[in-house]
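See below for the structure under consideration.
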Amino acid sequence: MCKIRFSSPAGRWKEALPLGNGKTAVMVYGGVKCEQLDFNDATLWSGYPRNHDNAAAKDVLPEVRKLIKEGEFRRADEKVRTGMDGDYSQAYMPLGSVFIKISGGGKEGYARTLDTDNGVFAVRSGGVTRTAFVSHPDKVAVYSIKADEKTDIKLTAKTPHKGGNGVMQGTFVLYGRAPDVALPNYLRTALFPVRYNEGKAMAFALAVSTESDGKVTVSSRGISVKNASFVHFYFLTHTGFKDYKSMPENDAATVAGECINSLKCKKLTYPAVYERHISDFSSIMRRQKVHVADVDEDAEKIYSRARSGNADAAAVQLLYDLGKYMIVSGSRTSQPLNLQGQWNNSRRPPWSSNLTTNINFEMNYWAASACNLRECLQPFYNAAREIAERGALTAKTNFGMAGSCCNHNVDIWRTTSPVKGDPQYMYSPLCGAWIACEAYRHGKASGDDLSDVIEKSALFILDYLTPDNGVLTVIPSVSPETRFACGGGTSSVGTGSAFELSVARQTLEYCVECTRNGQLKSRAEAALAMLAPLEKDEIGLSEWHGGRDSVEKGHRHFSPLIGVYPFEIIARGDREFGWAHELFLYRLKNSTPGIGWSAAWAMCLAGRFCDKKAAERALLGFTSKSLLPNFFGFHPPVYFQIDGNLGFVAGINETLVTCDRGVLTLLPALPGAISSGEAEGLYAGGAVLDFRWRDGKIVYLKADKKVRVSGENFAQGAELENAEIV
């Protein structure tokens, strides 16, 4: 594991470094004389439970299907837009900022470091050492200051919401209330996009306690510490969120009181809190590792080389460890990772920082099983179950169908209906099935049973599939965030997209595998036998039935290839595998690098296709075009999206080992930058693997159970344990 070291403080949020315990998240700047801590709480969102389901949509659906079958795609697109929409989801909110001014110390010998192995941030400069971490065992954020000479310290805080500071029970507290409405950032001309007028949204609080050998004074202005050689601040965040169905507590005094009482109940002494945190965090991080380089230089130098086009082993190591670290820091026992993980400083964050379920939400967890982060999957499983529960109402109301469905934008209130806007993104009812498939796939690795979620999605798909020319297909059918040419214009709704047919097939196959309901199993088997096949056209796998492809030749979404990755329903030897590879190469050839999550997805696919050249191209695109100075991945123009960082980890994993119907291939698309290295505890193909490679060849492989391995990429005389070469 690496230590990410900078020789200067962060001057802005995109240079700061993240800490978290899955509920409380902090961005730390490491200023010389004034520290800034930006706080989030995973449960702090705008709004409250609302029903955006559209009962009129089920009457529009037959009209849309008729228009599509008649070839009137543009009219069908408009019908979906105006007759099957709902309303916008709500947004993930910042809580507030804490400022800590230090009278002593200076910039001499400055260094700020994030240790990804134990989740500890440290700043050392001018005789003052500062340490910060967010403890999962004790549920508090900690900021510790130790000075060689006695110093004075002052803490203040502010929130971007309606609220303020105060003292309750002798404890300093920051409090406020979230907006009732926060419209998406892409509605640039919306009047009053952030509104507090109803007073129904959740209240929140941040309470602070202090341990010091100096004189501590607490007032509504903040905390003052005089003549201290050490100060330990403990922070606890709390909100009025109860569950996705219930109105939140909106009284700030009540929430602040609960927050302070919870903090006062904790017996906090710094050495004990620190040791519990280290033991907890490092035990998860150390279960698995990939080591390709020792990172022992300033991160600024690594960043400069990466941005100039040198995707070296140090950059890969730093990004891999940072991505793993962000999963452990952001996903434990509260809410799942959203579009920015749990780190956001805007009341109108990019795309509301919601759960974007047409790729980004799923990608957040692609690496979790391979990296043996089973605890971190629990928030994902919980959300999948809640989405399936809420989505049953959308399936019934919007479609008059059984089971459960979900569209592309989900918030903490588990909105599952379409939002407003273009059907290429607003209408995507099989996203719920994709979530179900991902949850079920991870559950098989972690030992969690997600069959109930699969069954609900399968029931919806069985009702949603419609007969067309002797097969069952999806009408209307979308491919996320793109359109095809038709009738002198474009449309986003057609027949049988490769994306939705693949989701339907994978869901039904999982249903046959897991359900104990005999009737449901028979229905799923019968539907699979009649499901429309994927098609080929002149550029490879056809995105829609009838040879219709995206009007964007290098479209950022690889949605038609979902059957190759993350699913495994298209494998080497299948004719569709070759078609998919053709489309993959066509997209890469025509794409413009600079979208972090898209490059990460390309790395994953390159692993499945055993395409080293494509993997290297995607890796270079990610490191040279998609990184902020703190190594956060971004989407143009400069929007942080955590799926890029987490997808990068999955991409490296897939270039190291991929599974094709029970047979493992090691180093299928190994980038030249990491031609030698080792992996320990990497989960693939149902087994935990340890292996080493030198100059692109495996020299050692050990599995915890018998595995079948392709004979490719092994050095002569390689040492094998529990592995059969096929």
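Inspect all residues belonging to region 391-399 and state whether any of them is free of Cβ contacts under 8 Å to residues at least 24 places away in the same chain and surrounded by fewer than 24 Cβ atoms within 10 Å (Cβ to Cβ).
Checked against the condition, which is being free of Cβ contacts under 8 Å to residues at least 24 places away in the same chain and surrounded by fewer than 24 Cβ atoms within 10 Å (Cβ to Cβ), region 391-399 yields at least one hit.
GLY573 passes all but one of (1) surrounded by 23 or more Cβ atoms within 10 Å (Cβ to Cβ); (2) at pLDDT below 95; which number fails?
Only one criterion in (1) surrounded by 23 or more Cβ atoms within 10 Å (Cβ to Cβ); (2) at pLDDT below 95 is unmet by GLY573, namely (1).
In region 167-196, which residue that is modelled with pLDDT of 95 or more and among the basic types (Lys, Arg) is least open to solvent (accessible area, probe 1.4 Å)?
Going through the qualifying residues, I end up with ARG177.
Got a sec? Which of PHE631, PHE567, PHE640, PHE609 is closer than 16 Å to TYR320 by Cβ and in contact (Cβ under 8 Å) with a residue 60 or more places away in the chain?
Details: PHE567 fails: closer than 16 Å to TYR320 by Cβ; PHE640 fails: closer than 16 Å to TYR320 by Cβ; PHE609 fails: closer than 16 Å to TYR320 by Cβ.
One residue alone meets the criteria, PHE631.
Would a scan of region 538-547 turn up a residue that is modelled with pLDDT under 95, out of contact with any His (no Cβ under 6 Å at 6 or more places or on another chain) and on the phi > 0 side of the Ramachandran plot? Please lay out each step first, then the result.
The initial filter retains those residues of region 538-547 that are modelled with pLDDT under 95, namely none.
Looking for residues that are modelled with pLDDT under 95, out of contact with any His (no Cβ under 6 Å at 6 or more places or on another chain) and on the phi > 0 side of the Ramachandran plot, one finds none in region 538-547, hence no.
Look at region 510-552 and say how many of its residues are of a type in the set (D, E, K, R), closer than 19 Å to ILE570 by Cα and surrounded by 19 or more Cβ atoms within 10 Å (Cβ to Cβ).
1
Tell me, please, whether a residue that is touching a residue at least 40 places away in the same chain (Cβ under 8 Å), outside any loop (DSSP other than H, G, I, E, B) and open to solvent by 40 Å² or more (accessible area, probe 1.4 Å) can be found in region 702-713.
Yes, the conditions are met somewhere in region 702-713.
If you go through region 599-606 one residue at a time, do you hit one that is open to solvent by 10 Å² or more (accessible area, probe 1.4 Å) and in a loop (DSSP other than H, G, I, E, B)? Outline the logic, then answer.
Residues of region 599-606 open to solvent by 10 Å² or more (accessible area, probe 1.4 Å): 599.
Those still in the list that are in a loop (DSSP other than H, G, I, E, B) too: none.
Checked region 599-606: no residue is open to solvent by 10 Å² or more (accessible area, probe 1.4 Å) and in a loop (DSSP other than H, G, I, E, B).
Can you name every residue in region 342-356 that is buried (at least 24 other Cβ atoms within 10 Å of the Cβ) and not in a helix (DSSP H, G or I)?
Matches in region 342-356: GLN342, TRP343, ASN344, ASN354, LEU355, THR356.
Return the total of residues in region 423-456 being farther than 9 Å from TYR381 by Cα, open to solvent by 40 Å² or more (accessible area, probe 1.4 Å) and outside any helix (DSSP H, G or I).
Selection size over region 423-456: 2.
Only one of (1) free of Cβ contacts under 8 Å to residues at least 40 places away in the same chain; (2) small (Gly, Ala, Ser); (3) surrounded by fewer than 19 Cβ atoms within 10 Å (Cβ to Cβ) fails for GLY126. Which number is that?
Condition (1) is where GLY126 drops out.
Assuming VAL290 fulfils every condition listed in (1) in a loop (DSSP other than H, G, I, E, B); (2) within 26 Å of GLN340 (Cβ to Cβ) apart from one, which condition is it?
All conditions are met except number (1).
Tally up the residues in region 173-193 that are aliphatic (A, V, I, L, M) and either within 28 Å of PHE233 (Cβ to Cβ) or more than 25 Å from the chain's Cα centre (by Cα) (or both), please.
Count: 5.
Starting from residues that are of a type outside the set (Asp, Glu) and open to solvent by 40 Å² or more (accessible area, probe 1.4 Å), keep the ones in region 72-100 and report whichever is farthest from LYS146 (Cα to Cα). It would help to see each step written out before you state the result.
Keep residues of region 72-100 that are of a type outside the set (Asp, Glu), which gives 73-76, 79-84, 86, 88-100.
If we keep only those that are open to solvent by 40 Å² or more (accessible area, probe 1.4 Å) as well, we get 74-75, 79, 81-82, 88, 99.
On the way: ARG74: 66, ARG75: 68, LYS79: 64, ARG81: 59, THR82: 61, TYR88: 47, PHE99: 17 Å.
Going through the qualifying residues, I end up with ARG75.
The values are calculated or read from the model by the stated rules, or taken from the named source; none is laboratory data. All of these numbers come straight from a predicted model, not from anything done at the bench. Glycine also receives a Cβ, built like all others from the backbone with ideal geometry; neighbour counts cover every protein chain displayed. Only protein heavy atoms, including side chains, enter the accessible area calculation; ligands, DNA and RNA are left aside. Shrake-Rupley method; radii C 1.70, N 1.55, O 1.52, S 1.80 Å.
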